[in-house]
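Here is the structure we will look at.
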Amino acid sequence: MKNGLTATGKVFGALAAAILVGLLLQPSHPAHTPTAVVAKINHAFAAALADPFVKAQLGRNSVVAVGQPVEDFRAFLGAEETRFNAIIQAGHIQ
């Protein structure tokens with residue numbers, strides 16, 4: 001480590017990544033999951049993630065669970081896609 005940078009920091013610069021786990025359903029197409037069902041599943045997951053026992057068990061593995069509205073998760077995924085597309089283009093990655 002030199003000047004506070006690891007070898008990874010030298011290669012990737014400001015790139016940071018985290019492990020992301022999410023449940024993806026498709027409410028927008030009639031053949032897929034209805035919006036009401038998506039809302040019910042999202043509510044159930046949010047309740048489970050808010051449970052102190054679940055939080056403690058996940059925390060034992062350094063997992064920070066974040067439940068959020070479907071629209072927020074969709075926006076987050078869109079922003080991540082935009083961010084990583086820019087990195088891929090700048091690095092001429094194919």
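The values are calculated or read from the model by the stated rules, or taken from the named source; none is laboratory data. In this text the structure is predicted, and so the values were computed from the model without any measurement. With ideal geometry, Cβ positions are generated from the backbone for all residues, glycine too; neighbour counts draw on all protein chains shown.
Residues in segment 71-92 that are acidic (D, E), exposed (fewer than 12 other Cβ atoms within 10 Å of the Cβ) and under 14 Å from G22 (Cα atoms): how many?
2
Look through segment 47-70, keep the residues that are within 13 Å of the chain's Cα centre (by Cα) and farther than 16 Å from I19 by Cβ, and return whichever of them is surrounded by the fewest Cβ atoms within 10 Å (Cβ to Cβ).
By that ranking, first place goes to P69.
Being aliphatic (A, V, I, L, M), surrounded by 10 or more Cβ atoms within 10 Å (Cβ to Cβ) and at pLDDT below 60 is the filter here; which residues of segment 1-46 pass it?
Correct list: L5 only.
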